[in-house]
Amino acid sequence: MRRSLSTVLRVVIFTCAIWPVLRAEDLEADSHRFVLIDTQSGQWVREKTLSSKNFDGIAKASGWSVRKEVLHGGKQNGVDLITIENGAMAFRVIPTRGMSILDVEINDFRIGWESPVKEVVHPQWVNLESRGGIGWLEGFNEWMVRCGLEFAGHPGVDQFTDNTGAEAEMMLTLHGKVGNIPASRVELLIDKAPPHRIRLRGTVHESMLFGPKLKLTTEVSTIPGSTELTISDEVTNIGSDPQEIQLIYHTNFGVPLLSEGANFIAPVQSVQPMNAAATEDIDAPWTYAAPTKGYIEKVYLMKLYADANSETLVCLKNSEGNRAATIRYNVDQLPCFTLWKNLTTIENGYVTGLEPGTSYPFNRSVERPHGRIPVLAADETRQFTLTYEFMNSTQQINESIEEIRKLQNDRPTEILQDPPE
Amino acid sequence: MRRSLSTVLRVVIFTCAIWPVLRAEDLEADSHRFVLIDTQSGQWVREKTLSSKNFDGIAKASGWSVRKEVLHGGKQNGVDLITIENGAMAFRVIPTRGMSILDVEINDFRIGWESPVKEVVHPQWVNLESRGGIGWLEGFNEWMVRCGLEFAGHPGVDQFTDNTGAEAEMMLTLHGKVGNIPASRVELLIDKAPPHRIRLRGTVHESMLFGPKLKLTTEVSTIPGSTELTISDEVTNIGSDPQEIQLIYHTNFGVPLLSEGANFIAPVQSVQPMNAAATEDIDAPWTYAAPTKGYIEKVYLMKLYADANSETLVCLKNSEGNRAATIRYNVDQLPCFTLWKNLTTIENGYVTGLEPGTSYPFNRSVERPHGRIPVLAADETRQFTLTYEFMNSTQQINESIEEIRKLQNDRPTEILQDPPE
Amino acid sequence: MRRSLSTVLRVVIFTCAIWPVLRAEDLEADSHRFVLIDTQSGQWVREKTLSSKNFDGIAKASGWSVRKEVLHGGKQNGVDLITIENGAMAFRVIPTRGMSILDVEINDFRIGWESPVKEVVHPQWVNLESRGGIGWLEGFNEWMVRCGLEFAGHPGVDQFTDNTGAEAEMMLTLHGKVGNIPASRVELLIDKAPPHRIRLRGTVHESMLFGPKLKLTTEVSTIPGSTELTISDEVTNIGSDPQEIQLIYHTNFGVPLLSEGANFIAPVQSVQPMNAAATEDIDAPWTYAAPTKGYIEKVYLMKLYADANSETLVCLKNSEGNRAATIRYNVDQLPCFTLWKNLTTIENGYVTGLEPGTSYPFNRSVERPHGRIPVLAADETRQFTLTYEFMNSTQQINESIEEIRKLQNDRPTEILQDPPE
């Protein structure tokens, strides 16, 4: 008797797992669309796997799947996680953490880094104001996390307009809030036409009375079978007053891609140390040392050359020269490139950050007089597009390096020896 | 096979939905009583609808229902929400946010406001200390939210007694904590005798070692078929030392009730601007402008006339004069009335606040020397009762205005031109 | 029809309750092992009771049980709680609150205290930085809570190394963070060999980039049928730089064990008041007064005599002399003993704390120059073992007192009259 009920239970649980059934909406549209989270309509899918097997028609491409789940236990209890497996690689997106991307995996080769933070931390455990404004670090372990939107840089006091309309001061916290705000809406789209691009869209609101009213609409997408992913973001000021924004794509690489002898390759127009430690090897910041006990982080501020369409390309190549990651983006959208080298021990968080941004990671009060803070008018939207590619062929890597060489086009790299005042 | 199990599943889920069965307790009492949340006994009803259909006897009045649910996704994940539909209007109470009332709806006419905050924000996302102490605003979108209990006004440093018994300083945060504390007990009562008043009671504790030990027992009630709701609150000092308390009923109205030409009507004994912006139209603060870009909030501090029982009445009337909301309350309980005009654009949060309080919304350190902070002795309880009525007949509105005129009784309104020092 | 489905439902729910089945792992090991929470593998048992009835063999000792549950409602919503009933006593461990022990119960005699905080507070409600750094108190109601690991004492500014490697300042908050960090892994072990000790192990990480990388592995264990429990903790520095640690076992007793005439008995080498109020009865801090209105907490700093193995013993005896609790521990591990007397009214939190620690509860900046902050080298582990015994026989109590007398061995107690400067 018990056995048969147990069987019933399993079927019931299985049925639960595929219920609520994801419905493809907008049948006339270009994509199959599935809503995973929508706070306005109250939709929220706890667990669900959707895969190419669910499609009889054209979308049944090379063995892709998308899995939505909820993590349990410790600081990750209640975190929504979405894993997109495209047939050639898998990556994990965290709606609960502002649609950050936890990591990418290609045939057991993990792109990401070993942070001292091991769990996917629910933001309820992160007090951004703690430790003098660097509480953000208590949840930081993603491969790609956005810094922003109201502010994106170092902690410290800056001005804002308070609820009486007066200029007041507030503590800006490290790298802003958007990486610790949950998405209000998440939807999955599968293009009906080849190559059946898989798109995961998330909407994150950084909005309040007497504060910013910013909406981030982010899309991370990939083509089945490729080792490329594209982030297409829009930031909209839905308030009626002009609003400063900052956005830095804090993309982090540790072992195994990063190791002694790895190289950063980019068409560098100028480079300047951000901190004193970085002055040491300002003449050759392009190479990486082995994990080093007592290493003090070094940060470099760069301007990059781009093509006629303002497109540029940067590359992180492993020491063997047979693995690389590239980022292709637009320097009009993201004029400031920051290279972060934190070549400490593995235990302490050996990592390098490749960080295209609207700004450098100084406090907003520093960035403002340099004109490095975009201001969005009411209803204005700004777009940011970055394409990441993961390579494991020397030929492919060499082609990328050749492309970067052409972008440099024998033009000089200005090296400023000292940090800005 | 699968189909029949699916049917089983639906029945099981349906059965789950009405289980745990709400039991009417205290059968000899005046009310049917249903416990929805009780942390002491561990009771917590996830989802449940109770309606007049469940009653065969006298309580089967005009088509009322009460629905308890849990919200999902984004910042509202895990928020308990209770919707009371009384046959003539519906209102939504948020146990997770100190029993605040999200909004009221009467035949598709919504009483509330359009905050830039769109979700019902779980307090885990609100750091009251952020932005220099105005983090409260990151969750603020209710029609009625209590400010209090230990402090209720503007942020800023004030004194308190620390854990060594010494006078220390602490940062008071905007509007206090009670609106971001979840209720520890929530129960629904249906009066057995006509008119079968529906009562939702919640208990909220603001209590800690070396801090306040205050208990808020709140009741919001309504009579089936009416467009009136009554808030009956008790604040008790369950500690053994005298304890200051502050309580402001921050009741907020936006479109459609508020628009250009709407009017505030009250028996005003005195009015004074709270901030510089409010001095501009201190001679006629009673009227409302259209949404105005760049509008700086204006705040007015009032004393109101009352009748022999200390009862007073205020009214917010729409521009057409065919819709209004009134608040009837006791000026001995709530001697300070604050009118908040934030006539900015719709996007930025066009709203007016009618705010009966024990105090004005200055920092507690400002209110104290003016004697505007009640002190509760050990075990002392103070009561606060407010009745809100929503009108859509010109005649009914005119009767209210006439009542207010009689309260004024041709007595003068003292207009102070400048804010307090 | 409905009835039978309801029956199905109950069976389904029952089956759910024992599913996921706890599997005894490591069959060759010394213990039956059951994983309750493990964030790495994604395991998390919502509700489960395991008892001696589940064992046919040798572990079927005297009627013990272990129950894992999740609390609901108010500030305790989502809190994991584990109750261990060993046949002679029961105690409740809170994985969500750093493996603190809520209370102990022996035949309806509760060891613990009546805090103004009544719920088992989920740390999401605790802002450690609030009230000038004493937000910790908003969740404080446990019988035994660890203070630590990076810092454990009073709030206030101290130095730390920031993300640029520079010496910066940060606000240390009262009693540190570990009591408000959830365990990442919890497992239950039942020894296969007599006396079949029941062990609950939890791992708590206080770890971040540019911050501490500390791992607390805690075990609380008890022998079926005994009234003794043992805490065996290990703190490991998993970072590669030396790391300061602090740990205080804040063990708290209120009524009924504590009342007028209760006594603290210990082999005291020296005692000094920590605060001004404590100077009053510095000559006889060993006795307790009745709950006293307006009582200011008194804190005493002690050094204790120990035996040749550095083991010491302290005792709290009730006024009748027929109930007592003792703590046996090692003064090399925990050289600082703090006695906290907060003999205020019951409502305000009548309690005494017996607090063996690596340090006294001054701010870390005060403890450091006195050499009272252990520094762990990379990979270094330090152990802390404390055995608590609960007695209800005069003879047993007298034997403990006699043992303490022998530890004192007629040696003097140095009484310092004034607090340290």
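The values are calculated or read from the model by the stated rules, or taken from the named source; none is laboratory data. Model, not experiment: these values are computed from the prediction. Using ideal geometry, Cβ is built from the backbone for each residue, glycine included, and neighbour counts are taken over all protein chains shown. Heads up: the accessible areas ignore ligands, DNA and RNA and are worked out on the full protein's heavy atoms, side chains in. Shrake-Rupley method; radii C 1.70, N 1.55, O 1.52, S 1.80 Å.
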Can you pull out the GluC sites (Glu not before Pro) in the range A:213-312 that DSSP calls coil and that have at most 15 other Cβ atoms within 10 Å? A:260, A:280
Quick one: if you stick a label point 7 Å off each Cα along the C-beta vector at residue C:382 and residue C:370, how many nm between them? 1.5
For chain A, averaging the sequence separation of alpha carbon pairs under 8 Å that lie six or more residues apart and dividing by its residue count, the contact order in percent is 15
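Rounded if a/c is under 1.5, else prolate if a/b is larger than b/c, else oblate: which is the range C:294-337, with a ≥ b ≥ c the root eigenvalues of its Cα gyration tensor? Can you show the working numbers first?
Working: a/c = 3.50, a/b = 1.34, b/c = 2.61.
Oblate, since a/c reaches 1.5 and b/c is not below a/b.
Would you mind counting up the charge near residue B:285? Only other residues with Cβ under 11 Å from its Cβ, with Lys and Arg at +1 and Asp and Glu at -1. Could the numbers behind the result be given before it?
Values: positive: B:298, B:341; negative: B:280, B:281, B:283.
Net of charged neighbours comes to -1.
Mind grabbing the interface size between B and C? I mean buried accessible area, both sides, 1.4 Å probe, in Å² to the nearest hundred.
Working: alone 18750 and 18720 Å², together 34120 Å².
In total, chains B and C hide about 3400 Å² from solvent.
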Please tell me the relative contact order of the range A:316-360 in percent, rounded to the nearest whole number, where contacts are Cα pairs under 8 Å and at least six residues apart. 34
Under 18 Å from a label point 7 Å along Cα→Cβ of residue B:311: give me every residue in the range B:384-421 with its amide N that close. B:384-391, B:396-409
Checked against the positive end of the charge dipole of chain B (+1 on Cβ of Lys and Arg, -1 on Cβ of Asp and Glu, about the Cα centre), the farthest of B:149, B:278, B:109 is B:109
So for R0 = 45 Å, FRET eff. of residue C:414-residue A:159 from the Cβ-Cβ r, to 0.05, ends up at 0.20
Shielding of C:37-45 by partners, i.e. mean partner chain Cβ atoms within 10 Å per residue? 4
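Average partner chain C-beta neighbours within 10 Å, per residue of A:229-237? The partial results should precede the final answer.
Values: counts 0, 0, 0, 0, 0, 0, 0, 0, 1.
Average neighbour count from other chains, rounded to a whole number: 0.
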Show that you can apply the helix-only estimate: for chain C, add -39,500 (n - 2.57) for every DSSP H stretch of four or more residues, divide by all residues, and state [θ] at 222 nm to the nearest 500. -2500 deg cm²/dmol
In nm, one decimal, shortest first: how far is the label point of residue A:292 (7 Å from Cα along Cα to beta carbon) from the matching points in the other copies? 6.1, 6.1
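Summarise the long-distance tail of P(r) for the range B:22-415 by giving the % of C-alpha pairs beyond 28 Å. Numbers along the way, then the final one.
Values: 35453 of 77421 pairs.
Looking at the range B:22-415, the distances longer than 28 Å represent 46 percent of pairs.
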Placing a label point 7 Å from Cα toward Cβ, how far apart in nm is residue B:110 from its equivalents in the other copies, listed shortest first to one decimal? 4.4, 4.5
Low-density loop cleavage sites - GluC sites (Glu not before Pro) in the range B:63-114, where at most 16 other Cβ are within 10 Å (DSSP): B:114
Identify the residue of chain C whose Cβ lies closest to the rotation axis that maps chain C onto chain A, and give that distance in whole Å. C:124, 3
Tell me, what is the 1.4 Å probe accessible area of residue B:362, in Å² to the nearest 10? 40
Express in Å², to the nearest 10, the accessible area of residue C:125 obtained by rolling a 1.4 Å probe over the protein heavy atoms while all chains stay in place. 30
Lysines whose Cα lies under 23 Å from that of residue A:75, excluding same-chain neighbours fewer than 8 positions away: A:48, A:118, A:177, B:75, C:48, C:68, C:75, C:177, C:213, C:215
Using alpha-carbon coordinates, inclination of helix C:394-408 to the longest axis of chain C, degrees: 50
Principal axes first, then extents: for the Cα atoms of the range B:237-327, list largest minus smallest coordinate on each axis, whole Å, largest first. 51, 31, 24
How high is the relative contact order of the range A:73-160? Use alpha-carbon pairs under 8 Å, at least six apart in sequence, and give a whole percent. 25
For the range C:212-228, 3J(HN,Hα) per residue [Karplus equation, 6.51 cos²θ - 1.76 cosθ + 1.60, θ = phi - 60°, Hz, x = Gly/Pro]: x, 10, 10, 10, 9, 10, 10, 10, 10, 9, 8, 9, x, x, 9, 10, 10
Can you send over the solvent-accessible area of residue C:101, 1.4 Å probe, protein chains only, in Å² to the nearest 10? 0
Give me the accessible area per residue for the range C:243-394, probe 1.4 Å, as a whole number in Å². 32
Can you give the angle from 0 to 90° between the axis of helix B:2-17 and the longest principal axis of chain B, with both taken from C-alpha atoms, to the nearest 10? 50
Could you tell me whether the range C:264-419 comes out rounded, prolate or oblate from its Cα gyration tensor? Rule is a ≥ b ≥ c as square roots of the eigenvalues, rounded for a/c under 1.5, then prolate if a/b exceeds b/c, otherwise oblate. oblate
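Taking all protein chains as present, what is the carbon and sulfur share of the accessible area of the protein assembly as shown, in % to the nearest whole number, probe 1.4 Å? Before the final figure, lay out the partial values.
Details: 22500 of 46240 Å².
The nonpolar share, carbon plus sulfur, comes to 49 percent.
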Quick one: order A:307, A:283 from most to least accessible surface, probe 1.4 Å. A:283, A:307
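What do you get for trypsin sites (Lys or Arg not before Pro) in the range A:33-115 restricted to DSSP loop and a cutoff of at most 14 other Cβ within 10 Å of the site's Cβ? Display every interim value, and only then the final one.
Details: sites: A:33, A:46, A:48, A:53, A:60, A:67, A:68, A:75, A:92, A:97, A:110; in loops: A:46, A:60.
Of the trypsin sites (Lys or Arg not before Pro), the ones in loops of the range A:33-115 whose Cβ has at most 14 other Cβ atoms within 10 Å are A:46.
About its Cα centre, what dipole magnitude does the range B:22-415 give when the only charges are +1 on Lys and Arg Cβ and -1 on Asp and Glu Cβ, stated in debye to the nearest 20? Working shown, then result.
Working: 37 positive and 52 negative charges, 143 e Å.
Taking the Cα centre of the range B:22-415 as origin, the dipole is about 680 debye.
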With the Cα gyration tensor of the protein assembly as shown giving a ≥ b ≥ c as the square roots of its eigenvalues, does the rule (a/c under 1.5 for rounded; else a/b larger than b/c for prolate; else oblate) give rounded, prolate or oblate? rounded
Other-copy label distances relative to residue C:42, 7 angstrom Cα-Cβ extension, nm: 2.9, 2.9
